Amino acid sequence: MTILGEALSYLFDGANWSGNQGIGVCLIQQLLLTVTALAVAVLVGLPLALWAGHTGRGGFLAINISNVGRAVPVFAVLLVLALSDPVGSEEFGPYGRAGLATLIALVLFALPPLITNAYVGMREVDRDIVEASRGMGMSGPGMFR
């Protein structure tokens, strides 16, 4: 049997869709983990990056820390977090095995591109537009909106 045939037979076997380890439960755990990690990364990283991009302060630090974060292997961080006692877990929770460790690792690796791109996006606004908005009497928060 080919790999594709084995995968299809696994997917079409009803026993694999039921129980605590069923495909549906694992899919919901994965979606919950992904949405939660993305929400935490956006809530943490986006305000910092937008503030740094708007004010022009801390940009060098934000970009360099983000670049260091991109250089660290995802698997290494996940392994360290999963093996640590307070974070790793052998139990299945709402995020699956070692869910908190996986959530932390996903948030840590979602932050660098989010921070870098939001910062660069704010800094790349055309200076003529910024000057025109100042000429119209807009304040800093007004220009930001």
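Throughout, read-outs are computed from the coordinates displayed, never taken from laboratory work. Nothing here was measured: the structure is a model prediction, and the numbers come from that model. Cβ placement follows ideal geometry from the backbone for every residue including glycine, while neighbour counts extend to all protein chains displayed.
Somewhere in region 119-138, is a residue under 21 Å from Leu48 (Cβ atoms), of a type outside the set (Ser, Thr, Tyr) and buried (at least 18 other Cβ atoms within 10 Å of the Cβ)? For region 119-138, residues under 21 Å from Leu48 (Cβ atoms), of a type outside the set (Ser, Thr, Tyr) and buried (at least 18 other Cβ atoms within 10 Å of the Cβ): present.
Looking only at residues that are of a type in the set (Ser, Thr, Tyr) and within 30 Å of Ile115 (Cβ to Cβ) in region 1-44, which one is surrounded by the most Cβ atoms within 10 Å (Cβ to Cβ)?
Taking region 1-44 and keeping what is of a type in the set (Ser, Thr, Tyr), we get 2, 9-10, 18, 34, 36.
Next, only the ones that are within 30 Å of Ile115 (Cβ to Cβ) stay: 34, 36.
Values: Thr34: 14, Thr36: 16.
Looking at the filtered set, the residue picked out is Thr36.
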